[in-house]
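The next block holds one structure in the form of structure tokens; read it before the comments.
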Amino acid sequence: MSCSRGNNARTRPQKHQNKTAFKNNLHDTSKKTKFLNSLEVTGVCERCKEIIEWKIKYKKYKPLTAPAKCVACEQRNIKHAYHVMCINCATEKKVCTKCCKSSEAIVDKKTEIVDNETKLQSIIKNLPERKKRTLLRHIKKKENEGNEVTTSDIDTMLVEIGKLELDNDSSEDVNFFDLDD
Ligand SMILES: [Zn+2]
Ligand SMILES: [Zn+2]
């Protein structure tokens, strides 16, 4: 899909190919894969989150068949595989539920998404109208492909848009006269 307005077809290959992310549900739409993909990894530090997400992605994740015992309160109240401490104890001690190390960077997916939103809003607010539309289009495209847009994605997009602007600057100048209200 091209976003250029005229019929100035590209003659050179696209400089920055989209990297296709590995999708574990491409050929496998089983219940288990669906379940794994719906899992949210919370209450763990950044490192443990990566480990667990890796297991999910490559189907190495083995869900618990019964609740596991918490190493702190000794209650059988752990529902997530690979966690050794229940969320209550971990929250109280401010540690990771998997490695039990005190961590400043406990992942809370909700705040992460809120942060993304806030960051996005503040970025958009400061963007010129044309860039804003391009960025939103990029985000929409990514979301339509079923990918979650992270703050680092937004950073990458801004860099790409910056390059595109340099590429198309002369041709885009025409749009100076058709600014939206
Ligand atoms: Zn506990
Ligand atoms: Zn950890």
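Could you tell me whether the range 39-52 includes any residue that is modelled with pLDDT of 90 or more and at positive phi? Among the residues of the range 39-52, at least one is modelled with pLDDT of 90 or more and at positive phi, which makes the answer yes.
Residues that are open to solvent by less than 80 Å² (accessible area, probe 1.4 Å) and not polar (S, T, N, Q) were ranked within the range 35-45; the one that is nearest to THR91 (Cα to Cα) is GLY43. ASN147 falls short on exactly one of the conditions (1) modelled with pLDDT of 80 or more; (2) under 18 Å from the mean Cα position of the chain (by Cα), and that condition is (1).
The values are calculated or read from the model by the stated rules, or taken from the named source; none is laboratory data. It should be emphasised that the depicted structure is a prediction, and the values quoted were computed from it without experimental measurement. To get the accessible areas, we keep the full protein, side chains included, count just its heavy atoms, and leave off ligands, DNA and RNA. Shrake-Rupley method; radii C 1.70, N 1.55, O 1.52, S 1.80 Å.
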